[in-house]
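Asker: The structure follows.
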Amino acid sequence: LMKRIVEVGKEKFGKDAAKKMKAGGPLKNPIRDGEFKYGDGTFFFNARSKRQPGLVTNVPDPRNNGKPTRVATEDITEVFYPGAVVNVIVSVYPYDRPENKGVSLGLEAVQKVADGERLDSRVSAVDAFDADPDALVGFEDDEELVGTSTDAANADVEDEEDELAGLLG
C-alpha cells in the first residue's frame with residue numbers, strides 16, 4: 001500500500017513527493033502512526049467513500065456458489081466495529097486543493113475475517129447492568145408483561161447471537 005501511495009504521489013507531485021509526504025511535510029499522507037492510539041509498531045489510515053462499500057464476511061455463501069457472504073444493512077454495526085479484523089480494498093488517489101494537497105484512500109470493499117478486541121471500549125447494556133428481580137413483584141401473574149419483558153427479550157438475544165455466529169462461522 002505504501003509503495004502505491006508513493007507512486008501516486010510521484011505521478012502527481014513529482015519525484016520528491018515521498019520526502020514531502022513525511023510527517024509535517026507539505027503533502028498529506030493517508031498512513032498515520034498509530035503508536036499513541038494503538039501501541040508500538042501500529043499504523044492506521046482513514047478511507048472514505050461517497051457510496052457504501054461492498055461488505056462481506058469470509059464465510060462461504062452456498063446460495064452464491066460459495067462466494068463470501070454479504071452483510072445485511074441492519075447487521076453492519078454489529079459485524080464491523082473498531083477492532084474487527086478485516087481485509088480491505090482501497091483506491092489510491094491524489095488531491096490538490098488550495099488548502100492542502102496529498103494522497104488519499106477511497107474505501108471500495110471490506111471483508112470481516114475475525115473478531116478482535118474492541119478498540120472503542122463499548123459495552124453491551126445487558127452486560128453492564130444487573131437486573132432487579134424485585135422489579136417484577138406484583139406482576140408474577142401478568143403473563144404478557146413477564147413473557148414480553150424477559151422471555152421474549154432473551155429469545156431475541158439468543159436468536160441474534162445464533163444469527164451472528166452463523167455469519168462469522
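The values are calculated or read from the model by the stated rules, or taken from the named source; none is laboratory data. All values reported here derive from a predicted model rather than from experimental measurement. Because the Cβ atoms are built from the backbone with ideal geometry, glycine has one as well, and the counts that use them run over all protein chains shown. All accessible areas refer to the heavy atoms of the entire protein, side chains included, with ligands and DNA or RNA removed. Shrake-Rupley method; radii C 1.70, N 1.55, O 1.52, S 1.80 Å.
Asker: Given the conditions (1) among the acidic types (D, E); (2) outside any loop (DSSP other than H, G, I, E, B); (3) modelled with pLDDT under 90; (4) open to solvent by less than 100 Å² (accessible area, probe 1.4 Å), which single one is not true for D120?
Answerer: (2)
Asker: Then there is this: Give the residue, chosen from K3, K19, that is open to solvent by 100 Å² or more (accessible area, probe 1.4 Å), more than 27 Å from the chain's Cα centre (by Cα) and among the basic types (K, R). First the steps, then the outcome.
Answerer: Working: K3 fails: more than 27 Å from the chain's Cα centre (by Cα).
Just one listed residue meets the conditions, K19.
Asker: Right, another one. Sort out which residues of region 100-133 are touching a Lys or Arg at 6+ places or on another chain (Cβ under 8 Å) and either small (G, A, S) or more than 28 Å from M21 (Cβ to Cβ) (or both), and write them in order of number.
Answerer: Selection gives G102, S104, G106.
Asker: Moving to a separate point now. What are the residues in region 1-17 that are in contact with a strand residue (DSSP E or B) (Cβ under 9 Å, 6 or more places away or on another chain) and either charged (D, E, K, R) or not in a loop (DSSP other than H, G, I, E, B) (or both), if any?
Answerer: Across region 1-17, the qualifying residues are M2, R4, I5, V6, E7, V8, G9, E11, K12, F13, A17.
Asker: Which residue is surrounded by the fewest Cβ atoms within 10 Å (Cβ to Cβ), if the candidates are limited to region 75-84 and must be hydrophobic (A, V, I, L, M, F, W, C) and not in a helix (DSSP H, G or I)?
Answerer: F80
Asker: If you check every pair at least six apart or on different chains, which have Cβ atoms under 6 Å apart with a residue in region 51-74 that is within 19 Å of I89 (Cα to Cα) and open to solvent by less than 70 Å² (accessible area, probe 1.4 Å) first and a residue that is small (G, A, S) and part of a strand (DSSP E or B) second?
Answerer: Close Cβ pairs satisfying both conditions: P53/A109; G54/A109.
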